[in-house]
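The values are calculated or read from the model by the stated rules, or taken from the named source; none is laboratory data. These numbers come from a predicted model, not from an experiment. Positions of Cβ are backbone-derived with ideal geometry, glycine not excepted, and every protein chain shown enters the neighbour counts. Ligands, DNA and RNA are excluded from the accessible area calculation, which covers all protein heavy atoms including side chains. Shrake-Rupley method; radii C 1.70, N 1.55, O 1.52, S 1.80 Å.
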Amino acid sequence: MGRKQASAALDGMLRRFWRHYGSLSRHLMALKLQHYTKFLFVRDPFVRLISAFRNKFDRPNEDFYRQFGSVMLRRYGNVTGRLADTAAEAFAAGIKPTFHQFITYLLDPETERESIFNEHWRQVYRLCHPCQVKYDFIGRLEDLETDSEQLLKLLKVDHLLRFPSGPQNRTAASWERDWFAEIPITERRELYRLYEPDFELFSYPIPDSVLHQLQTTSSQTP
């Protein structure tokens, strides 16, 4: 991450602390960063996007429909006439954002001119600032059971707590090829560049099968 990006990320973190703690924000943040145990769990960036789409747009979600889904449909959905006011109405009419529209929304420069990415798809390096915060432990959702055990030992509470098993319908990395099959290669590669810092910082492999897989012939229109 470049110096300008790192500086902007740190400034954003300080502004959030200022809103909560006022003039004591810098002092309290320094104390927390020095004395608290800091941990973070990350996920394969592309799988994280699939999961965000499934959870927020593949089923009726009124808040996300109003804030984001309706925007995607208006911009990229070729929707004629009045757009449904609620997610329930839109889904009942068979109208909902597609994964391709979601990716197009992320790649559209106009998106972040209007507002910073939502936390569910904002890059982790911008959300959790690993270049500014020295985390004591960084685990992976893909290795949640073993990594959570290590974390509990680090916190010295492994004799008191046991991390619950994750959901059985968790989005899997093996789904990537299917979900990205109808996304044009150029857009997949552009998306990778957008999330490349997360791939590199957390040692996730380059998703070659996604970046080089041929697009299916029945591509959706964004």
Which of the lysines could a cross-linker bridge to Lys32, judged by Cα under 24 Å and excluding same-chain residues fewer than eight apart? Lys134, Lys153, Lys156
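Once you have a ≥ b ≥ c as the square roots of the Cα gyration tensor eigenvalues for the range 44-178, tell me rounded if a/c is under 1.5, and otherwise prolate or oblate according to whether a/b is larger than b/c. Kindly include the intermediate steps, with their values, before the conclusion.
On the way: a/c = 2.68, a/b = 1.93, b/c = 1.39.
Note, shape of the range 44-178 comes out prolate.
Please sort 125-132, 112-119 by packing, taking for each peptide the average over its residues of neighbouring beta carbons within 10 angstrom, highest first.
125-132, 112-119
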Cross-link partners of Lys56 among aspartates and glutamates (Cα-Cα below 13 Å; sequence separation of 8 or more within a chain): Glu119
Over the range 80-126, with every protein chain in place, what whole percent of the accessible area is carbon and sulfur at 1.4 Å, could you tell me? 49
Could you tally the net charge around Leu83, taking each other residue with its Cβ under 12 Å from the Cβ of Leu83, Lys/Arg +1 and Asp/Glu -1? +3
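From the protein chains alone at 1.4 Å, what is the descending order of accessible area for Trp121, Trp175, largest first? It would help to have the intermediate numbers written out before the result.
Details: Trp121 0, Trp175 85 Å².
Putting Trp121, Trp175 in descending order of accessible area: Trp175, Trp121.
For the ranges 47-53, 97-103, 198-204, what's the packing order if you count other beta-carbon atoms within 10 Å of each residue, average per peptide, and put the highest first?
On the way: 47-53: 20.4, 97-103: 22.1, 198-204: 16.0.
For the peptides 47-53, 97-103, 198-204, the packing ranking is 97-103, 47-53, 198-204.
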For Gly139, enumerate residues with amide H under 5 Å from its amide H, sequence gap 5+ or separate chain, H modeled in the peptide plane. Leu40, Phe41, Val42
Is any residue of the range 78-108 close enough, with backbone N under 12 Å, to a label point placed 7 angstrom from the Cα of Asp63 along the Cα-Cβ axis, and if so, which? none
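Mind running the shape call on the range 125-202? Use the C-alpha gyration tensor, a ≥ b ≥ c as the square roots of the eigenvalues: rounded below 1.5 for a/c, prolate if a/b tops b/c, oblate otherwise. Provide the component values of the computation, followed by the final result.
Numbers: a/c = 4.37, a/b = 1.60, b/c = 2.73.
Since a/c reaches 1.5 but b/c is at least a/b, the shape of the range 125-202 is classed as oblate.
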Can you bin the range 29-121 into rounded, prolate or oblate? Criterion: square roots of the alpha carbon gyration tensor eigenvalues sorted a ≥ b ≥ c, rounded for a/c under 1.5, prolate for a/b above b/c, oblate for the rest. prolate
Rank by packing, highest mean first: peptides 30-36, 179-185, with packing defined as the count of other Cβ atoms within 10 Å averaged across residues. 179-185, 30-36
Counting Lys +1, Arg +1, Asp -1, Glu -1, what net charge surrounds Pro60 among other residues with beta carbon under 15 Å of its beta carbon? 0
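Give me the net charge for the shell around Leu152: Cβ to Cβ below 12 angstrom, other residues only, Lys and Arg +1, Asp and Glu -1.
Details: positive: Lys153, Lys156, Arg162; negative: Glu145, Asp147, Glu149, Asp158.
Cβ neighbours under 12 Å give a net charge of -1.
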Per-residue ³J(HN,Hα) for the range 151-159, Karplus 6.51 cos²θ - 1.76 cosθ + 1.60, θ = phi - 60°, Hz, x for Gly and Pro: 5, 4, 5, 4, 7, 6, 10, 5, 7
